[in-house]
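What follows is a set of notes on a single structure, which appears directly below.
The values are calculated or read from the model by the stated rules, or taken from the named source; none is laboratory data. Only a predicted model underlies this, so the values are computations on that prediction, with no experimental measurement involved. We place every Cβ from the backbone using ideal geometry, glycine too, and count neighbours over all the protein chains shown. The protein model used for the area step is the full one, side chains on, heavy atoms only, and it has no ligands, DNA or RNA in it. Shrake-Rupley method; radii C 1.70, N 1.55, O 1.52, S 1.80 Å.
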Amino acid sequence: MSELKKRPITKRELVIDDYHGTPVADPYRWLEDDTSPEVKEWITEQNEHFQEYMKAKDIKADFKKRLTGLFNYPRCSVPRYVEGKYFAWRNNGLQNHSVLYRLKSLDDFGEVILDPNLLSDDGSVSIEQTSISPKGNYLAYSLSKSGSDWTTIHLLDLRTLQPLPDMLQYTQRTSCAWVPDESGFYYRRYPEQDLANVLDVVTNNSMVCFHALGTQQSADKLIHSEPEHPNQELYVYTVDKEKWLLMMILEEAMVKNKLFYKPTDKPDTDWLPIIADFDDHYDVIDIVDSRAYIITKKDAEFNQVLSVKLTEKGTEDWQTIVPDNGESLEFAVTANKHLLCAYLKDAIHKVLVFDLNGVFVKELPLPAHGSVVELTGDPDRDEFFLSFSSFLYPKVCYRYDFTNENPTVWYASQVDFSFDEYETKQVFCTSKDGTKVLIFITHKKGIAMDNSHPVLMNGYGGFKASMTPYFSASILAWLEKGGIYVSTCLRGGDEYGEAWHKGGMLENKQNVFDDFIAAGEYMIREGYTTNKKLGIQGFSNGGLLTAACLTQRPDLFGAVIVGMPVIDMLRYHLFTAGRYWTGEYGCSENPEQFPFMYKYSPLHNVKMNTAYPPTLILTADTDDRVVPGQARKFAATLQSADAGDNPIILRIEISSGHGAGISLNKYIDMDADKYTFLFVNLS
């Protein structure tokens, strides 16, 4: 029985589009307008509806208190060495954002270099990226407000810890590629425009520019642009002791790219091609003594490492260094003139060491089955650092030394939780077409297989993102309440190579939903839970996943979390960064792709007079990656169509974005709401 007095009623308008001869209604199109007073009034009504629901749930206070306690533990990133000093991010436990420290040695706690918690009272300002200059004298850092992908670059003099007047606007997710003498850096920006409403801004015509320290941005020199290809994305960085400037040009969901280079001290010379065509994806691991080491899936299902010599006239002497070995090579770094290659074996990491000629040296010892979170090294230094975690293994940072076979613990997180009482199982279920799908199941030891347990199942399934085991303090609160946590490795990811990725993209996207549904059916069939106690969650592309499964199998789930979702598959590409995802999803403007997108698009597959399970839709008012209009339209559609009395509610975070840079206090409050909703509806 519903505990809400009423469900908001949203007006419908007559809007019908023609897609290649197919009429498609869009009655809630008006909810896409973020600046409309009517939309703002609607948002207020929906948030009041959500708050009314949560006020009746006194368990939220318990969840929030426990989540606060679980997050209240000191933690630290792996250190990065620069010119005799180390730099690391620390958090004392409940700081909204981690703080950058500079350490004189690995035994030194360090001094504060940059504290983002001082930049805003509510934690709405965060640091997205940092770049330390080659000699360690300067720090470039980009600031994001309210979770926006748009950032502003600032400079700090690390000798005096005083800010420099330089300020660079119109940037997103850019590195600052310093030149050797620290006189300036290369970076990526967009044309000058009005950023007052970040949801209306489209990221076209990215440019590579050079900024000289102490000058105005208006004086920055344009190095490269692609005016005839406004949708291509340019990325730039320096390597090999800042000797070479590299430029990556990407298109279509970042799955294919070109690579070019030039000497950093000759910015006016022509770009020289490493890879001149969009035939696959290529990523430079490092450049050592002017030889580039490149990881690619070109002619390699699971990735391989190639190398090529860079000269001022062009490339020469291509070699295969580490060939495809049948396991997914996820990433690699250099250390002590060796390659450290992180592979996946059934979504579990292992790290193999090769010399720069590709000769196998050894496998690194890791403490358990889990994930390599961070791996940093320098081709000219003996030491490197690796952080490791798993569902029941808080992050530990190890220092490895090529002169010593055994790693040492540099930093270990201590969390107030009885880890020994819980376990993680790695099992396979069978999808609709017979494909084996890997899932991780974490729960208290010795549970009865009597279908009595509330289950939270998480998934993503796209963009080559591998769902390896990860540590989250918030999951522990769910486990303590008797819940089971399930992480799924669906097609669309990169757990089993490019065929696995392609098996969940474009016309094969339905496979992802089938995989997730099969995992839920497995949990019921094996005696863990029932459909009334089976909850699912997903965020971003994972929000698309849970929304699609909700519309296809409303009978299977007891509660659904749809977070920051891509929902309207016919219009997603028209907003902010959406057009970069057409290589993954397809585009409704293409008559060959429209049919399969329309067939699963969650917004267009909500059925009238259907009883849907309890559903919590999460979004943020300034999410400029997956715009909140999609979640708003889905909430209105689902609330209108639902024939039952289960809660269908929308939670809209104010002054927040897609998730990156979210303050800890907002994160804890969101998780307290989420777990309260799940626990109440699955118990």
Only one of Met564, Met505 that is of a type in the set (A, V, I, L, M), open to solvent by 10 Å² or more (accessible area, probe 1.4 Å) and under 20 Å from Gln639 (Cβ atoms): Met564
Filter result for Asp382 (touching a residue at least 24 places away in the same chain (Cβ under 8 Å) and among the charged types (D, E, K, R)): yes
Candidate set from the stretch 551-561 (those that are in contact (Cβ under 8 Å) with a residue 60 or more places away in the chain and buried (at least 24 other Cβ atoms within 10 Å of the Cβ)); member that is farthest from Ile617 (Cα to Cα): Ala559
Wholly enclosed strands (runs of 3 or more DSSP E) of the stretch 380-424 bearing at least 1 residues closer than 26 Å to Val486 by Cα and aromatic (Phe, Trp, Tyr): 383-390, 393-401
Restricting the stretch 226-248 to residues that are open to solvent by 40 Å² or more (accessible area, probe 1.4 Å) and among the hydroxyl-bearing types (Ser, Thr, Tyr), the residue that is modelled with the highest pLDDT: Tyr235
Some residue of the stretch 400-407 being crowded, with 21+ Cβ neighbours inside 10 Å and in contact with a strand residue (DSSP E or B) (Cβ under 9 Å, 6 or more places away or on another chain): yes
Boolean, Val288 is within 18 Å of Val179 (Cα to Cα), crowded, with 17+ Cβ neighbours inside 10 Å and of a type outside the set (S, T, N, Q): yes
Only listed residue being under 24 Å from Asp669 (Cβ atoms) and either in a helix (DSSP H, G or I) or more than 28 Å from the chain's Cα centre (by Cα) (or both), chosen from Glu38, Glu48: Glu48
Test: residue in the stretch 35-42 that is among the small types (Gly, Ala, Ser) and modelled with pLDDT under 95: yes
Spans of strands (runs of 3 or more DSSP E) in the stretch 147-263 with at least 2 residues among the charged types (D, E, K, R): 184-189, 256-263
Residue match in the stretch 526-539 (condition: charged (D, E, K, R), more than 26 Å from Leu638 (Cα to Cα), open to solvent by less than 10 Å² (accessible area, probe 1.4 Å) and in contact (Cβ under 8 Å) with a residue 24 or more places away in the chain): no
Residues satisfying the stated conditions in the stretch 589-617, i.e. polar (S, T, N, Q) and touching a strand residue (DSSP E or B) at 6+ places or on another chain (Cβ under 6 Å): Thr615
Count of the stretch 126-146 residues which are out of contact with any Gly (no Cβ under 9 Å at 6 or more places or on another chain), surrounded by fewer than 21 Cβ atoms within 10 Å (Cβ to Cβ) and part of a loop (DSSP other than H, G, I, E, B): 3
Single match in Lys266, Lys221, Lys262 (criterion: open to solvent by less than 20 Å² (accessible area, probe 1.4 Å), over 30 Å from the mean Cα position of the chain (by Cα) and not aliphatic (A, V, I, L, M)): Lys262
Answer from Leu168, Leu155 - the residue that is touching a Leu at 6+ places or on another chain (Cβ under 7 Å), aliphatic (A, V, I, L, M) and either surrounded by 14 or more Cβ atoms within 10 Å (Cβ to Cβ) or modelled with pLDDT under 95 (or both): Leu155
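Listed here are the residues, each with its yes/no results for (1) touching a Cys at 6+ places or on another chain (Cβ under 6 Å); (2) hydrophobic (A, V, I, L, M, F, W, C); (3) at negative phi.
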site	(1), (2), (3)
Ala342	no, yes, yes
Ala347	yes, yes, no
Lys350	no, no, yes
Phe354	no, yes, yes
Ser371	no, no, yes
Asp378	no, no, yes
Tyr400	no, no, yes
Any hit, the stretch 486-496, residues being in contact with a helix residue (DSSP H, G or I) (Cβ under 6 Å, 6 or more places away or on another chain), open to solvent by 30 Å² or more (accessible area, probe 1.4 Å) and not hydroxyl-bearing (Ser, Thr, Tyr): no
Boolean, Val78 is touching a residue at least 60 places away in the same chain (Cβ under 8 Å), crowded, with 17+ Cβ neighbours inside 10 Å and under 27 Å from Asn665 (Cα atoms): yes
Selection status of Ser466, open to solvent by less than 70 Å² (accessible area, probe 1.4 Å), part of a strand (DSSP E or B) and of a type in the set (Gly, Ala, Ser): no
Listing of strands (runs of 3 or more DSSP E) fully contained in the stretch 56-115 that carry 2 or more residues being of a type in the set (Phe, Trp, Tyr), at pLDDT 95 or above and closer than 21 Å to Glu374 by Cα: 85-91
Arg7 being at pLDDT below 95, within 28 Å of Pro614 (Cβ to Cβ) and surrounded by 15 or more Cβ atoms within 10 Å (Cβ to Cβ): yes
